[in-house]
Amino acid sequence: MTLFKNATLLEIDPPAIRESMELLVEDDQISKIAPKIDAPNAEMVDLKGKILMPGMVCSHHHYYSGLARGILAEIGPTPDFASILKNLWWRLDRALDAESLKSSALICSLDAIRAGTTAVIDHHASPNFIEGSLKVLKDAFEHCGLRGMSCYEVTDRNGREGMLAGVEENRAFAGLLDEEKKTGKWRGLFESHIGGHAPFTLSDESLKLLADTVEKSRRGLHIHVAEDSYDSSHSHAEHGKDLLVRLDSFGLLGPKSIMVHGVYLSSSEIDLLNQRDGFLVHNNRSNMNNSVGYNTRLPELKNLALGTDGIGGDMFEEVKFAYFNHKNNSGPWWPPNYAKALAAGNRLLERNFAASFGRLLPGYKADLVVADYPSPTPLVPENIAGHLVFGMTSSIVESVMINGQFVYRNRQFPFDIGPIYSEAAVQSRKLWERMDNILP
């Protein structure tokens, strides 16, 4: 048990501030909140007025990108999005092996926790290391104590054999989690989706196999859609229908579905996604980096969450870029709209973990952040979003608790991270060298 005393309780959605409160954590949940709690056997943590808030959720990430920072491989020209995929990311993912993926996943997990992100939904690809890749990711998340999900990114771009192997990895990993739950070995930290790269790289056979796996595993689809205009035009040219209409014809849109990017979705496609109660995850920094354009239809979405698409796990930073780029494109939204989209990642967790997330209430998961934010102006429910966009950064994160356990305390991890970073430096050099031997 842990008893937080003298806490300023802050919730983003709905916005709320409660000062001088105590909060008791028992096992993996919040059990009681009151001005005074009697819990003599609990560990006392005096916050001295500091903020205690629910952790952030990164609703779309690519952990295979963890060793791409400062990449020195010969990339070649990247004048458009297709060349970025072919010359950089599709070469990097083919160069991954078990050891480089492990290092990448550990680094990404540490970065996320340090930024106050308590859950990450990952989307993975490593065509020369498919079988067992999702287990490597799960082990890295659990080693760091981070909550998360992943899936294997099925695609036809590496041939039918590679496509089938990707489907099997999704199926087998979902089965592994189900077996852990049956035998009581599941730690409650990691779940899965069924993954696809993007519809323009998926045949009807592939979508049928994905649909079968979604149905049998009772998971949702996690897929890139309309990130670039080519994805939409390809669907019209090759299949004679809108991209989401094509996915829906296979039964792939539903409450657990994650559509990623959606820059070039039409209003009718967004209506369809809303009808199916699916999510779209907006990745603003990645869209800017890839020059794919701006999604002007975000306000039309029923379920909008925020991700990074592989550009780190700092959601304080992501929500700022999302808001500022929206205003730069004459968008109508204000900070509270983006605070709500950030907090919506908790609803994705709830649909996949069958538990409650993102509130400071009894019965909710104890995924918590202690933040040292000495605000120079009043901090009240009406302006939390303004502080989030214009003031707060990940530098305020002091401690992180996930599933009722401290995974980062007083800006220190509970294990030596030095060897992880040393090994990552070794693995990144090897990864870059392998990339130089892989043709686009």
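The values are calculated or read from the model by the stated rules, or taken from the named source; none is laboratory data. Nothing here was measured: the structure is a model prediction, and the numbers come from that model. In this analysis, Cβ positions are derived from the backbone assuming ideal geometry, glycine residues included, and neighbour counts consider all displayed protein chains.
Without any contact (Cβ under 8 Å) to a residue 40 or more places away in the chain, more than 24 Å from Val319 (Cα to Cα) and in a helix (DSSP H, G or I) - does that describe any residue in the range 398-420?
Checking the range 398-420: at least one residue is without any contact (Cβ under 8 Å) to a residue 40 or more places away in the chain, more than 24 Å from Val319 (Cα to Cα) and in a helix (DSSP H, G or I).
Across the range 272-283, what is the total count of residues that are touching a residue at least 24 places away in the same chain (Cβ under 8 Å) and out of contact with any strand residue (DSSP E or B) (no Cβ under 9 Å at 6 or more places or on another chain)?
4
Tell me the residue from Gly70, Gly49 that is at pLDDT 95 or above, out of contact with any Lys or Arg (no Cβ under 9 Å at 6 or more places or on another chain) and over 27 Å from Phe353 (Cβ atoms), please.
Gly49
Of the residues in the range 86-110, how many are over 13 Å from the mean Cα position of the chain (by Cα), of a type outside the set (A, V, I, L, M) and within 22 Å of Arg147 (Cα to Cα)?
5
Determine if the range 181-192 includes at least one residue that is under 19 Å from Val260 (Cα atoms), modelled with pLDDT of 95 or more and either surrounded by fewer than 20 Cβ atoms within 10 Å (Cβ to Cβ) or not aromatic (Phe, Trp, Tyr) (or both).
Yes - at least one qualifying residue is present in the range 181-192.
Here's the yes/no breakdown for (1) crowded, with 20+ Cβ neighbours inside 10 Å; (2) touching a helix residue (DSSP H, G or I) at 6+ places or on another chain (Cβ under 7 Å); (3) within 30 Å of Asn303 (Cα to Cα); (4) free of Cβ contacts under 8 Å to residues at least 12 places away in the same chain:
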residue	(1), (2), (3), (4)
Ser330	no, no, yes, yes
Trp333	no, yes, yes, no
Leu360	yes, no, yes, no
Gly363	no, no, yes, no
Asp367	yes, no, yes, no
Pro374	no, no, no, yes
Pro378	no, no, no, yes
Gly386	no, yes, yes, no
Met435	yes, yes, no, no
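Return yes or no: is Ser428 over 21 Å from the mean Cα position of the chain (by Cα), more than 30 Å from Thr2 (Cβ to Cβ) and loosely packed, with under 12 Cβ neighbours inside 10 Å?
no
Provide a single number: the residues in the range 219-234 that are surrounded by fewer than 24 Cβ atoms within 10 Å (Cβ to Cβ) and either touching a helix residue (DSSP H, G or I) at 6+ places or on another chain (Cβ under 7 Å) or in contact (Cβ under 8 Å) with a residue 40 or more places away in the chain (or both).
5
When both residues are 6+ apart or on different chains and their Cβ atoms are under 9 Å apart, which pairs have a first residue that lies in the range 126-139 and is closer than 23 Å to Ile438 by Cα and assigned by TED's automatic domain parsing to the domain that holds Trp186, and a second that is in a loop (DSSP other than H, G, I, E, B) and among the hydroxyl-bearing types (Ser, Thr, Tyr)?
Here the result reads Pro127/Thr155; Ser133/Ser126, each pair linking the range 126-139 to a residue that is in a loop (DSSP other than H, G, I, E, B) and among the hydroxyl-bearing types (Ser, Thr, Tyr).
Mind checking which residues of the range 81-98 are at pLDDT 95 or above and touching an Asp or Glu at 6+ places or on another chain (Cβ under 8 Å)?
none
Going residue by residue through the range 254-263, is there one that turns out to be assigned by TED's automatic domain parsing to the domain that holds Ser206, farther than 23 Å from Gly331 by Cα and not in a loop (DSSP other than H, G, I, E, B)?
Scanning the range 254-263 turns up at least one residue that is assigned by TED's automatic domain parsing to the domain that holds Ser206, farther than 23 Å from Gly331 by Cα and not in a loop (DSSP other than H, G, I, E, B).
Among the residues of the range 58-107, how many are farther than 20 Å from Asn437 by Cβ, surrounded by 20 or more Cβ atoms within 10 Å (Cβ to Cβ) and in contact with a Phe, Trp or Tyr (Cβ under 7 Å, 6 or more places away or on another chain)?
1
Which residue out of Ser286, Ser268, Ser356 is of a type in the set (Gly, Ala, Ser), over 25 Å from Ser150 (Cβ atoms), surrounded by fewer than 24 Cβ atoms within 10 Å (Cβ to Cβ) and free of Cβ contacts under 8 Å to residues at least 40 places away in the same chain?
Ser268 is the lone residue from the list that is of a type in the set (Gly, Ala, Ser), over 25 Å from Ser150 (Cβ atoms), surrounded by fewer than 24 Cβ atoms within 10 Å (Cβ to Cβ) and free of Cβ contacts under 8 Å to residues at least 40 places away in the same chain.
Please work out if Val120 is outside any loop (DSSP other than H, G, I, E, B) and crowded, with 24+ Cβ neighbours inside 10 Å.
yes
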